[in-house]
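Here's the structure we're looking at; comments come further down.
Laboratory data are not the source of any read-out in this text; all were calculated from the coordinates shown. It should be emphasised that the depicted structure is a prediction, and the values quoted were computed from it without experimental measurement. Reconstructed Cβ throughout: ideal geometry from the backbone, glycine too, with neighbour counts over all protein chains shown.
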Amino acid sequence: MSTDTFELFGVETDALAEHGWVVVPDFLAPSSLDSLREEARRLWSEGQFSSAEVGQGKSLQVRPEIRGDLTCWIEPTSASPGIATYFAAVEELRQAVNRRLFLGCFDFEAHLAVYPPGAFYHKHLDRIPSVAHRLVSVILYLEPDWRGEDGGQLRLYLGEGGVGPTHDVLPAAGSLVAFLAGQVHHEVLPTNRSRWSITGWLRART
Ligand code: OGA
Ligand code: MN
């Protein structure tokens with residue numbers, strides 16, 4: 001393995017280890033983001049998205065007053081070049097996370113998500129008992145030219161137990177945010193514009 005390969009995402013995973021979260025601007029090239037956006041729109045027009053649910057086990061429910069996004073699971077075997085590039089890049093990140101954080105991230109799952117205008121997702125943790133194998137949350141944003149007044153910021157709660165200072169991430173195309181799924185409480189503020197993203201989780205062996 002070359003030194004370059006070894007250092008890929010070294011700075012980012014150091015920050016993840018130190019703070020529990022990190023933002024990686026320009027995670028993918030613009031051409032890959034274009035391809036991902038196109039594929040997301042295509043899957044949407046085919047009716048492949050469904051309203052995301054909250055709760056666990058038998059009590060899973062669509063509750064737009066808690067979370068208003070629609071999601072569509074994607075696979076690394078997809079014929080879309082954008083999706084293939086995305087999974088390859090996250091695989092590099094997964095290996096870097098394992099080298100630096102010793103979390104034992106074994107594999108990865110991901111879905112496209114869209115928050116229509118007015119949608120939000122109340123404050124929560126991604127690692128709950130029903131999905132305890134989710135170790136690191138990884139979200140890549142797809143919409144270009146996102147401005148503050150478009151809303152839809154991801155608000156991270158930086159204090160232990162979801163209190164204390166916050167940090168808002170603008171969901172701008174190409175930005176990737178990664179955080180420890182069992183530690184960092186977060187919410188999606190109401191969006192004023194359709195907000196497209198891919199949410200994924202590095203997972204422990206189940
Ligand atoms: C989630 C989530 C945040 C975002 O899907 O669990 O918190 O910025 N998404 O889309
Ligand atoms: Mn979440």
Choice from LEU33, LEU112, LEU101 showing the highest fluctuation, given a GNM over the chain with Cα pairs closer than 10 Å: LEU101
Please give the Cα centre distance for region 135-206 versus region 10-65, rounded to the nearest Å. 9 Å
Answer rounded, prolate or oblate for region 24-115, using the Cα gyration tensor with square roots of eigenvalues a ≥ b ≥ c: rounded when a/c is under 1.5, else prolate when a/b is larger than b/c, else oblate. oblate
Cβ charges +1 (Lys, Arg) and -1 (Asp, Glu), total dipole of region 1-98, debye: 560 debye
Within region 120-150, which residues have the backbone N less than 16 Å from the label spot 7 Å out from VAL62 along Cα→beta-carbon, could you tell me? 120
Just to be sure I understand: with springs between alpha-carbon atoms less than 10 Å apart, which residue in SER80, SER45, SER194 has the highest mean-square fluctuation in the Gaussian network model of the chain? SER45
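Once you have a ≥ b ≥ c as the square roots of the Cα gyration tensor eigenvalues for the chain, tell me rounded if a/c is under 1.5, and otherwise prolate or oblate according to whether a/b is larger than b/c.
Details: a/c = 1.35, a/b = 1.13, b/c = 1.19.
Cα axes put the chain in the rounded bin.
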In nanometres, the difference between 0.36 nm per residue of separation and the alpha-carbon distance of GLU18 and ALA84 is 20.8 nm
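DSSP loop GluC sites (Glu not before Pro) in region 1-78 with at most 16 other Cβ atoms within 10 Å of their Cβ, which ones? Don't skip to the answer; put the middle values down first.
Working: sites: GLU7, GLU12, GLU18, GLU38, GLU39, GLU46, GLU53, GLU65; in loops: GLU46, GLU53, GLU65.
Counting only loop positions with at most 16 other Cβ atoms within 10 Å, the GluC sites (Glu not before Pro) in region 1-78 are GLU46, GLU53, GLU65.
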Mind checking which of VAL136, VAL114, VAL169 has the largest fluctuation in a GNM of the chain, springs on alpha carbons under 10 Å? VAL169
